[in-house]
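The values are calculated or read from the model by the stated rules, or taken from the named source; none is laboratory data. Bear in mind the structure is a predicted one, so any value in this text is a computation, not a measurement. Methodologically, a virtual Cβ is constructed for each residue, glycine included, from the backbone with ideal geometry; neighbour enumeration extends over all protein chains shown.
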Amino acid sequence: MRILLVEDEPDLGAAIANRLRQEKYVVDWAKDGAEAWNYLENQWTQYTVGIFDWMLPSLSGLELCKKLRSQKSTLPILMLTAKDSIEDRVIGLDAGADDYLVKPFGMVELLARLRALQRRSPQLQAIQLKVGNLTLDYNTATVSSEDINGKSTQVSLTAKEFQLLEYFMQHPNQIISRDQILYQLWEIQSEPESNVVAAQMRLLRRKLADSNCLLSIETIYGLGYRLNEANEPK
């Protein structure tokens, strides 16, 4: 999943972003509302959850919510704020927030609320992805491969390999270009090397093969890559 975090407090923003990355999320961290809106308008990135601080420079989290909902966006939004009165919560929810977390909070609760958003949101409802003999589990952030005898083997993946496989499992049998992968799986602030996608693909393919995966990721020369739902790797 790709998350847009909008938080102007440097220490808190860094702590949240680092914890989310440990949980294998792709995170873009914006420091103010205007920067966040530029990210949201980028046609190349598709966010699955927004985490917005209420009080932000230039454009508040509340205003971000209102702008998104005025454009019929269904992006699930978790609002972070020090405002804890019932009236404030009602204002935030009426503006379009899906959930509300009062500062200070624990990271465990933040992660639990993200999982709750996933269960409630139609676009995030899947707790598992299953393609062929592979199962990706969001609750445990793990991938397992099942052999013909029903024995399951866990596939040990880095955070980026997990994100890459998740993207392919969300689009089986579809050709995905290198640029699509770069824009969706690498953070806007990062500057990946030109061969990073090919390098990650080699590592992922090797680990899938070592885990007796029956699926293959095919290179379509000049176009990109495709996850094939086939019995024999190509």
Selected residue (criterion: nearest to the chain's Cα centre (by Cα)) from residues of the stretch 209-224 that are at pLDDT 90 or above and closer than 20 Å to Val143 by Cα: Ile217
Among residues of the stretch 13-56, those that are farther than 19 Å from Thr74 by Cα, out of contact with any Lys or Arg (no Cβ under 8 Å at 6 or more places or on another chain) and not small (Gly, Ala, Ser), counted: 14
Residues being of a type in the set (A, V, I, L, M) and either assigned to a loop (DSSP other than H, G, I, E, B) or under 18 Å from Leu101 (Cα atoms) (or both) - total across the stretch 1-52: 13
Wholly enclosed strands (runs of 3 or more DSSP E) of the stretch 98-146 bearing at least 1 residues modelled with pLDDT under 80, among the acidic types (Asp, Glu) and under 23 Å from Ala14 (Cα atoms): none
Residue list for the stretch 1-34, restricted to those being touching a residue at least 24 places away in the same chain (Cβ under 8 Å) and charged (D, E, K, R): Arg2, Glu7, Asp8, Glu9, Arg19, Arg21, Glu23, Lys24, Asp28, Lys31, Asp32
